Amino acid sequence: MGFKVISNTSRAKFSACHFLKEPLKCSRIHGHNYYVTVEVLGDLDENYFVVDFIELHKTLVSIVEPLDHYVLIPTESDYLKIIEEEHSIEIIKSSKRYVFPRSDVKFLPLKATTSELLAKYIHNQLKEIYNDKKIVVKLEESRGSIAVYEE
Ligand SMILES: [Zn+2]
């Protein structure tokens, strides 16, 4: 057993809308208020910290804030056709067609915008900064539904 710090600052949250693969219920466009908790495990540094809490909160907020109030579109999806126009983004999925203002869309390099893959997306960005630590990302998409990615 070693040291672990946990960041679940109330600022590490984002609201976003998405849709998943047909014919899941979640294939219909809908939204979530996501809450992120991060655990960092590792040895103590020269200040006797695993990581500085202030830095960790700030880093986490800077990762999730850009997702807030957007339509999340996974660019590596094999079930969406994405057509980019000058001011709009058209998405074709099975028999459905969505058109969003470009300014409302956030593209993510993912196969789908499940909470599992969103947790991994957040994890990857934290890992770039805290590369010598074990990091656990818990993403709560609704009360009682939490996806976790750790490495
Ligand atoms: Zn959902």
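L20's amide H: which non-local residues (gap 5+, or another chain) put their own amide H closer than 5 Å, with H modeled 1.01 Å from N in plane and none for Pro or chain starts?
So L20 has HN proximity to S27, R28.
Tell me, what HN-Hα J-couplings in whole Hz come from the Karplus equation 6.51 cos²θ - 1.76 cosθ + 1.60 at θ = phi - 60° for each residue of segment 108-124, using x for Gly and Pro?
Working through the residues one at a time gives 10, x, 10, 7, 7, 9, 6, 5, 4, 6, 5, 4, 5, 4, 5, 4, 4 Hz.
Identify the residues of segment 69-86 with backbone N under 11 Å of a label point that sits 7 angstrom from the Cα of R102 along the Cα-to-Cβ direction, or state none.
84-86
Treating only the Cβ atoms of Lys and Arg (+1) and Asp and Glu (-1) as charged, compute the dipole magnitude of segment 47-145 about its Cα centre; round to the nearest 20 debye.
Around 360 debye, computed over segment 47-145.
Please give the calculated 222 nm ellipticity per residue for the chain, where each DSSP H segment of at least 4 residues contributes -39500 (n - 2.57) and the sum is spread over every residue; nearest 500 deg cm²/dmol?
The per-residue figure over the chain is -5500 deg cm²/dmol.
For segment 9-151, report the accessible area per residue in Å² (1.4 Å probe, heavy atoms, rounded to an integer).
Spelled out: the 1.4 Å probe surface of segment 9-151, per residue, equals 57 Å².
Give a residue-ordered list of calculated ³J(HN,Hα) values for segment 7-14 (Karplus: 6.51 cos²θ - 1.76 cosθ + 1.60, θ = phi - 60°; whole Hz; x for Gly, Pro).
Ordered by residue, 3J(HN,Hα) equals 10, 10, 4, 5, 7, 8, 9, 8 Hz.
If you take the beta carbon distance between K58 and S95 as r and set R0 to 35 Å, what does 1/(1 + (r/R0)^6) give as a FRET efficiency, to the nearest 0.05? Working shown, then result.
Numbers: r = 44 Å, r/R0 = 1.26.
That gives a FRET efficiency of 0.20.
Would you work out what percent of the accessible area of the chain, with all protein chains in place, is carbon or sulfur (probe 1.4 Å)?
Whole-percent figure for carbon plus sulfur exposure: 51.
In percent, what relative contact order does the chain have, based on Cα pairs under 8 Å that are 6 or more apart in sequence?
That works out to 25 percent.
For segment 8-151, report the translational diffusion coefficient in µm²/s to the nearest whole number, using Stokes-Einstein at 10 °C, 1.306 mPa s, and a Kirkwood Rh over Cα pairs.
Result for D is 98 µm²/s.
Going down the table (K4/K138; K21/K120; K81/K138; K58/K111), which pairs top 22 Å between alpha carbons?
Result: K81/K138; K58/K111 exceed 22 Å.
Considering only protein heavy atoms, with the full assembly of protein chains and a 1.4 angstrom probe, order F107, F14, F3, F100 by accessible area, largest first.
The ranking, largest first, comes out as F3, F107, F100, F14.
Compute the helix-to-body angle for 53-64: its Cα long axis versus the longest principal axis of the chain, expressed 0 to 90° and rounded to tens.
It is inclined by approximately 10 degrees.
For I83 and F3, what does the FRET efficiency come to when R0 = 41 Å and r is the distance between their Cβ atoms, rounded to the nearest 0.05?
With a Förster radius of 41 Å, E is 0.25.
The values are calculated or read from the model by the stated rules, or taken from the named source; none is laboratory data. Computed from a prediction, not measured in an experiment: that's the story for all the values here. Please note: Cβ atoms are built from the backbone with ideal geometry, for glycine as well, and neighbour counts cover all protein chains shown. Areas reflect the complete protein model, heavy atoms only, side chains present, ligands, DNA and RNA absent. Shrake-Rupley method; radii C 1.70, N 1.55, O 1.52, S 1.80 Å.
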